[in-house]
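The structure under discussion appears below in the form of C-alpha cells.
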Amino acid sequence: MILVTGGAGYIGSHTVRTLQAGNEQVVVLDSLEFGHRSALLGAELIVGNIRDRALVTELCRSHKVTQVVHFAAYKAVGESMEQPDRYWLNNVAGTVDLVEGVLAAGVKQFVFSSSCSVNGTPAELPLTEKAPIAPESVYAETKAMVERILGWYGVTHGLRSVSLRYFNAAGASTDGVIGEDWGRAQNLVPLVMKATLGKRPPLEVFGTDYPTPDGTCIRDYIHVDDLAEAHCRALAYLTEGGATIALNVGTGVGTSVLEIIKATERISGRTVPYTVAPRRAGDPVASYADPTMSHKTLGWAATRTVDDIIGSAWQWHSTHPDGFPD
C-alpha cells in the first residue's frame, strides 16, 4: 500500500491515477485545503493533516503502508516571502512530523516532491544535480531543507528517499478527466489558458529583452503525466533497494514564454491577449534540466511534447472553466 500525502492536489491526483492504473493500492491523506475530493476519482481519502503524527502512524498501520509519496506542501514563492512562518511550519516541521509518524509504523521508503528552485538562478545550463544548492526564496529553502532532513533520517533511522526536483509541471490528463485548478494557479500555462478564455485580464509577459531568441524567458515544461510516471519509477527504484538520491525531473528542452503563447494560439484557434511588462526581479533568463541522472537511475524519460501539454491543458480548462465541482 502506498500513502500519498497531498494526493488530492494537482500533481498528486495525477500520480494517484497513474499508480492505480499500474494496479498499485493507494490511500490518500489530504487536508483538502487546496485539494479536491473529486480529483481522486474514487480513490480512498483520509481527510487530515501531515502534522498529526498519531493519525499518520495509525493510517500506515491500519492500511499496511510500505511506501510514501509526499506532495503536501505550500508552493507560492511570493507568499513564502510574506508569510515565512506558514512555510516553515507546514513544509518543514510538517514533513518532520510526517516522517516521524511513518517511521513509527515501520515505513522506510519515501518519495519527496522537491523543486529545481533549490538551485536558485542557474550559473550553467542544462542544470545538473551537481549544481550548488542556493535557494532564493523561503519556499525554495524549505525544499532544500527537507532534502537534507531526509538525508539525515537515512543516517539515523535507515529511511531511503528519492527527492524529485521538478521543473515546470503543466498540462492535464490526456483524456481531459482531471487537470489543474486555475483558481490559485500562478504558473504560466494556466494563466495563458485563463486569458485566452477571457477569464482574466490579458496575460502579462514580464520582459521581452532577455538574451534569448525571442527575448522572453525560457523554462523546461514537463507534462504532469510524465511527472506522475517519474514518481512511479522512483517507488520502483526504492522497492529494488535503491539508495537515497535527489534527481532532476525535466525534459531537457527549454521553451520560451512567447513559444507557449504561440502554441496555445495554434492549438486553440484563438488569440492570446497579452501585454508586455517590465522584467521581474529574480527571474532567471533560462532554466532547463539535464535529465541524464533520472534516465540512468530510474529508467525514466519524458515522452510528451509542449504541444501535448498545451493540447491537454486547453481541453481541460475549456471544458472545466470552474475547475472541480467541489
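The values are calculated or read from the model by the stated rules, or taken from the named source; none is laboratory data. Nothing here was measured: the structure is a model prediction, and the numbers come from that model. Note that each Cβ is placed from the backbone with ideal geometry, even for glycine, and that neighbours are counted across all protein chains shown.
The criterion of at least 2 residues that are farther than 23 Å from residue 81 by Cβ and in contact (Cβ under 8 Å) with a residue 40 or more places away in the chain is met by the following strands (runs of 3 or more DSSP E) wholly inside the stretch 141-227: 160-166, 221-223. Restricting attention to the stretch 278-295 and to residues that are in a loop (DSSP other than H, G, I, E, B) and of a type in the set (Gly, Ala, Ser), the residue that is farthest from the chain's Cα centre (by Cα) turns out to be 281. Taking the criterion of being outside any helix (DSSP H, G or I), of a type in the set (Asp, Glu) and out of contact with any Gly (no Cβ under 7 Å at 6 or more places or on another chain), the residues of the stretch 27-78 that qualify are 33, 44, 52.
On inspection, residue 96 qualifies as among the hydrophobic types (A, V, I, L, M, F, W, C) and either without any contact (Cβ under 8 Å) to a residue 12 or more places away in the chain or over 25 Å from residue 317 (Cα atoms) (or both). Filtered by the rule that a residue be touching a strand residue (DSSP E or B) at 6+ places or on another chain (Cβ under 8 Å) and acidic (Asp, Glu), the stretch 127-179 gives 129, 147. Residues that are β-branched (Val, Ile, Thr) and touching a Lys or Arg at 6+ places or on another chain (Cβ under 9 Å) within the stretch 163-202 comprise 174, 177, 178, 196, listed in sequence order. If you check 200, 165 for being surrounded by fewer than 23 Cβ atoms within 10 Å (Cβ to Cβ) and either out of contact with any Gly (no Cβ under 8 Å at 6 or more places or on another chain) or more than 17 Å from residue 288 (Cβ to Cβ) (or both), only one passes: 200.
From the list 63, 70, pick out the single residue that is crowded, with 16+ Cβ neighbours inside 10 Å, at pLDDT 95 or above and within 25 Å of residue 172 (Cα to Cα).
Selected residue: 70, the only one of 63, 70 that is crowded, with 16+ Cβ neighbours inside 10 Å, at pLDDT 95 or above and within 25 Å of residue 172 (Cα to Cα).
Within the stretch 29-57, residues that are outside the structural domain of residue 112 (by TED's automatic domain parsing) reach no partner that is surrounded by 17 or more Cβ atoms within 10 Å (Cβ to Cβ) and modelled with pLDDT under 95 with beta carbons closer than 8 Å at six or more positions or on different chains.
Taken as a whole, the condition of being of a type in the set (Phe, Trp, Tyr) and closer than 19 Å to residue 169 by Cα does not apply to residue 274. Of all residues in the stretch 259-276, those that are more than 18 Å from residue 316 (Cβ to Cβ) have Cβ atoms under 7 Å from Cβ atoms of residues that are charged (D, E, K, R) and part of a helix (DSSP H, G or I), 6 or more apart or on another chain, in 271/265. Do we find that residue 117 is assigned to a strand (DSSP E or B), of a type in the set (Gly, Ala, Ser) and either modelled with pLDDT of 95 or more or within 30 Å of residue 253 (Cα to Cα) (or both) in this structure? The answer is no for residue 117.
With the requirement that a residue be among the hydrophobic types (A, V, I, L, M, F, W, C), surrounded by fewer than 24 Cβ atoms within 10 Å (Cβ to Cβ) and over 15 Å from residue 173 (Cβ atoms), what does the stretch 1-25 give you? Listed by number, the list holds a single entry, 1. Taken as a whole, the structure leaves residue 44 outside the set of residues that are modelled with pLDDT of 95 or more, out of contact with any helix residue (DSSP H, G or I) (no Cβ under 7 Å at 6 or more places or on another chain) and within 23 Å of residue 223 (Cβ to Cβ).
Screening the candidates 94, 106 for the property of being over 19 Å from the mean Cα position of the chain (by Cα), in the same structural domain as residue 17 (by TED's automatic domain parsing) and at pLDDT 95 or above yields one hit, 106.
Out of all the residues in the stretch 254-296, which are in contact with a Leu (Cβ under 7 Å, 6 or more places away or on another chain) and of a type in the set (D, E, K, R)? Listed by number, the list holds a single entry, 290.
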